[in-house]
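Step one of this worksheet: look at the structure below.
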Amino acid sequence: MAYGWSSLAILASISDKNDAKLISIDMPYPKMNNEEFVGIVVMDFLRDNWELIREPDRNGIKKALRKFGGVIDLCHYDSDKSYYGRMYAYPILWNALKKGGVFISDDIEDNMAFKEFVEIRNLNFAVTKSENKYIGIVYKK
Ligand SMILES: C[S@@+](CC[C@H](N)C(=O)[O-])C[C@H]1O[C@@H](n2cnc3c(N)ncnc32)[C@H](O)[C@@H]1O
């Protein structure tokens, strides 16, 4: 989450939908003292559709999915970029994603987790490049 640029983009896109909700999960970087900056770019008028869970993914994802009744339309993964962090979170998020939903993961070049994730499931995917970073996108059929 950090400053919340991606949350801001998603919230702007759902701002006219009363029944849409975004839950962001963020465990601030230890010893960075960045707590007060988490989500700072999200304007007040966009916060009605938003909830921020300040916990590690391992608790936060479960909590967020419970709040959505176990079903989500969109997932943007940009937190724990380690191989094991992704291998924990990707399947849980993917299983919760409804048909027609979109799975997005940032910085897939960090390790082989995204590659393995799509290969094992034989998923069609797209990759976009932003500066020197790569973003993986999977549409759930
Ligand atoms: C690259 S930043 C996300 C930037 C965000 N997408 C934005 O647009 O501002 C990664 C964030 O994930 C958080 N994070 C890292 N590991 C995490 C974990 N295991 N659980 C929850 N948050 C984590 C970091 O504290 C950091 O705030």
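Taken together, the values in this text are just the output of simple stated rules run on the coordinates, not laboratory data. These numbers come from a predicted model, not from an experiment. Using ideal geometry, Cβ is built from the backbone for each residue, glycine included, and neighbour counts are taken over all protein chains shown.
A few notes on this one:
- Using the average count of surrounding beta-carbon atoms within 10 Å as a protection proxy, the listed peptides 67-79, 122-134, 85-97 rank, highest first, as 85-97, 67-79, 122-134.
- Taken over the Cα atoms of the chain, the convex hull encloses 116 Å³ per residue.
- Calculated diffusion of region 48-113, Stokes-Einstein form, Kirkwood radius summed over Cα pairs, 37 °C and 0.692 mPa s, µm²/s: 264
- Burial order of peptide ranges 7-13, 35-41 (average beta-carbon count within 10 Å, highest first): 7-13, 35-41
- FRET E, pair S15, D80, Förster distance 35 Å, beta-carbon r, rounded to 0.05: 0.80
- Region 1-76 versus region 86-132: alpha-carbon centroid distance in Å: 19
- Relative contact order of the chain, pairs being alpha-carbon contacts under 8 Å that are 6 or more residues apart, as %: 19
- Cα gyration tensor shape for region 5-86, rounded if a/c is under 1.5, else prolate or oblate: oblate
- With each label modelled as a point 7 angstrom along the Cα→C-beta vector, the E51-T128 pair spans 2.8 nm.
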